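Each remark here refers to the structure printed beneath this line.
The values are calculated or read from the model by the stated rules, or taken from the named source; none is laboratory data. It should be emphasised that the depicted structure is a prediction, and the values quoted were computed from it without experimental measurement. Note: ideal-geometry Cβ built from the backbone for every residue, glycine included; neighbour counts use all protein chains shown.
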Amino acid sequence: MTKNNIAMLFAAIGVSVLSACAATDDTLLRTVPIGSGTSQVKPYDFVRCVKEKWTPIAGRVREYSPSTDTQAVSVPSGGYTSQSVVLVIAQASANGTGYTIYGDVAVASRYVTATHTCD
């Protein structure tokens with residue numbers, strides 16, 4: 001393999017991983033939200049705060065941008081699927097960041113509480 005082929009292979013793997021995150025979170029986005037709010041900070045800072053608060057709870061936390069104006073933080077399940085168990089979607093609003101939290105109420109209550117500390 002040439003260096004060019006290796007670079008293309010790594011690029012393809014990276015795109016696949018990022019698209020898998022968004023695809024598996026689509027299931028959560030079709031459910032009823034379990035929380036929402038508005039933070040006074042900008043979306044990037046809000047997402048960083050949420051990730052910092054969720055990491056001690058979950059250990060493994062993903063941060064990504066599903067679109068150009070949206071930031072997301074999710075916690076993947078511990079199983080063989082890459083399905084997320086909780087997800088927060090953040091977008092810029094007039095007063096900072098508006099966000100919506102999706103997930104299983106029984107599992108996600110700790111994450112909802114942690115997210116609200118970033119308001």
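Among the residues of segment 32-75, just one is of a type in the set (Phe, Trp, Tyr) and more than 18 Å from residue 102 (Cβ to Cβ), namely 44.
If residue 38 meets every condition in (1) surrounded by 14 or more Cβ atoms within 10 Å (Cβ to Cβ); (2) assigned to a strand (DSSP E or B) apart from one, which number is that one? Among (1) surrounded by 14 or more Cβ atoms within 10 Å (Cβ to Cβ); (2) assigned to a strand (DSSP E or B), the lone unmet condition for residue 38 is (1). Among the residues making up segment 50-98, a single one is modelled with pLDDT under 85 and at positive phi: 59. Residue pairs whose Cβ atoms lie under 6 Å apart, separated by 6 or more positions or on different chains, with the first residue in segment 74-94 and within 12 Å of residue 27 (Cβ to Cβ) and the second surrounded by fewer than 22 Cβ atoms within 10 Å (Cβ to Cβ) and modelled with pLDDT of 85 or more, are 74/62. Here is the figure for segment 37-61: residues that are among the polar types (S, T, N, Q) and under 14 Å from the mean Cα position of the chain (by Cα) total 1.
For residue 25, state whether it is over 15 Å from the mean Cα position of the chain (by Cα) and of a type outside the set (Val, Ile, Thr). So residue 25 fails the test. Kindly indicate whether any position in segment 54-63 is touching a residue at least 60 places away in the same chain (Cβ under 8 Å), exposed (fewer than 13 other Cβ atoms within 10 Å of the Cβ), out of contact with any Cys (no Cβ under 6 Å at 6 or more places or on another chain) and within 22 Å of residue 116 (Cβ to Cβ). No, segment 54-63 contains no residue that is touching a residue at least 60 places away in the same chain (Cβ under 8 Å), exposed (fewer than 13 other Cβ atoms within 10 Å of the Cβ), out of contact with any Cys (no Cβ under 6 Å at 6 or more places or on another chain) and within 22 Å of residue 116 (Cβ to Cβ). Among the residues of this structure, residue 112 does not count as one that is of a type outside the set (Ser, Thr, Tyr) and in contact with a Cys (Cβ under 8 Å, 6 or more places away or on another chain). Each residue in segment 64-83 was checked for being in contact with a Ser or Thr (Cβ under 6 Å, 6 or more places away or on another chain) and surrounded by fewer than 16 Cβ atoms within 10 Å (Cβ to Cβ), and 2 of them qualify.
For segment 99-119, taking the residues that are in contact with a helix residue (DSSP H, G or I) (Cβ under 9 Å, 6 or more places away or on another chain) and among the small types (Gly, Ala, Ser), the one that is farthest from residue 40 (Cα to Cα) is identified as 103.
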